[in-house]
Amino acid sequence: MSSAPFPSARRGSGLVFTSGLAAIDPATLTPNATTFAEQLESVLDQLDKALTEAGSSRAQTLKLDCYLADRHWFPEWNAAFAEFFGATAPARTTTVTTLPIEGLLIEIQVIALAD
């Protein structure tokens, strides 16, 4: 979402704060993937990129907030989270809620240590 009117991440006080990361085409503000698996892959790829660009990494992530459009996505999210972070898994909250864009299934944001 590099064309979004806000940064994908900001640094301050030794921490990195990401914006909400979602599988959205910034030009049209519509989902750029339709399945949960595709959207999940997109947000995790965006997370790695945003953290790297801000001088951090997934291993330095302290807290993750995940927003799911439906609770039936929770098992798939849980498995992907465990695989993605492994032994360095951060504290986490998962909330089931209505997301702001029709068709959006997942959004995440994190707080991580900066290098």
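Residue by residue, here is whether (1) touching a helix residue (DSSP H, G or I) at 6+ places or on another chain (Cβ under 9 Å); (2) in a helix (DSSP H, G or I); (3) touching a residue at least 24 places away in the same chain (Cβ under 8 Å) holds:
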site	(1), (2), (3)
Leu40	yes, yes, yes
Gly55	no, no, yes
Lys63	no, no, yes
Phe74	no, yes, no
Thr95	no, no, yes
Leu104	yes, no, yes
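Please find, within region 93-115, the residue that is farthest from Asp70 (Cα to Cα) out of those that are surrounded by fewer than 16 Cβ atoms within 10 Å (Cβ to Cβ) and charged (D, E, K, R).
Among them, the one singled out is Asp115.
Please determine whether any residue of region 2-15 is surrounded by 14 or more Cβ atoms within 10 Å (Cβ to Cβ), touching a residue at least 60 places away in the same chain (Cβ under 8 Å) and closer than 17 Å to Gln60 by Cβ.
Yes, some residue in region 2-15 is surrounded by 14 or more Cβ atoms within 10 Å (Cβ to Cβ), touching a residue at least 60 places away in the same chain (Cβ under 8 Å) and closer than 17 Å to Gln60 by Cβ.
Taking region 25-54 only, how many residues are among the aliphatic types (A, V, I, L, M) and either modelled with pLDDT under 95 or touching an Asp or Glu at 6+ places or on another chain (Cβ under 6 Å) (or both)?
Selection size over region 25-54: 2.
The values are calculated or read from the model by the stated rules, or taken from the named source; none is laboratory data. The model shown is predicted, which means the values in this text are computed figures rather than measured ones. In this analysis, Cβ positions are derived from the backbone assuming ideal geometry, glycine residues included, and neighbour counts consider all displayed protein chains.
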